[in-house]
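Trainee: Please see the structure below; I have some questions.
All of the numbers you see were taken from the coordinates with simple rules; none came from a lab. All values derive from a computational prediction rather than experimental measurement. Cβ: placed from backbone, ideal geometry, glycine included. Neighbour counts: every protein chain shown.
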Amino acid sequence: MNLPGPDQGKRKQATLIALVGAAFLIGAVDASFGLPSAQDGLRLAITVFGNIVVLLIGFNWLRLDARELVIRRPLWLDICIVLFAAIFVPYYLYKTRPQPRRLPAIAAFFALVIACMLATALGAALTLQMTGTAVKP
């Protein structure tokens, strides 16, 4: 017997929660290492890895959204989203939403970006607070 899976809306919401959670963990991991500037290479590697994880989670949301809307994103758009997400995710949302839903969808994207930035800062701040480590310039 095949039971129906969760609807796309719930899966998309769970993906957004995972995205903010990943941003929180990026901040916490970065702060927990407390790497001095002499080890910027390792800090850069951690940051790049974290950004790849966030990008993969974001693409999962895009996959779910495209499935829900029954559309196919062209390869050029995926490449542009990787390179310039702040421009091409709003473009994708503009092209795939009807007129009354375009601006709210784009505003929600930028709110998500701000939420991820705050989650990263909160993760770092809580880690530093719990470890009693001072912020290093």
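Trainee: Report, in degrees rounded to the nearest 10, the 0 to 90 angle that the Cα long axis of helix 8-33 makes with the longest principal axis of the chain.
Mentor: So the helix axis and the longest Cα principal axis differ by about 10 degrees.
Trainee: Hey, another quick one. What is the angle, in °, between the Cα long axis of helix 40-69 and the longest principal axis of the Cα atoms in the chain? Nearest 10 is fine, range 0 to 90.
Mentor: That works out to roughly 20 degrees.
Trainee: Would you mind computing, in nm to one decimal, how far apart the modelled labels at ASP40 and ARG72 are, each placed 7 Å from Cα along Cα→Cβ?
Mentor: Rounded to a tenth, the inter-label distance reads 4.5 nm.
Trainee: In percent, how large is the relative contact order of the chain, given Cα pairs closer than 8 Å and 6 or more residues apart?
Mentor: 44
Trainee: Can you give the extra length, in nm with one decimal, that the chain gains between GLN129 and ARG102 once fully stretched, where that is 0.36 nm per residue apart less the Cα-Cα distance?
Mentor: 5.7 nm
Trainee: Using 0.36 nm per residue of separation minus the Cα-Cα distance, give me the extension gain between GLN13 and ILE114 in nm, one decimal.
Mentor: 34.7 nm
Trainee: How far is helix 99-131 tilted off the main Cα axis of the chain, in degrees rounded to 10, range 0 to 90?
Mentor: Its long axis makes an angle of about 20 degrees.
Trainee: Now, a different point. Just one of [x] -0.82, -0.97, -1.19; [y] -1.05, -1.12, -1.22; [z] -0.70, -0.92, -1.31 is log10 I(q)/I(0) by the Debye sum over Cα atoms at q = 0.15, 0.17, 0.20 Å⁻¹ calculated from these coordinates, so which is it?
Mentor: Calculated log10 I(q)/I(0) by the Debye sum over Cα atoms at q = 0.15, 0.17, 0.20 Å⁻¹: the matching label is [x].
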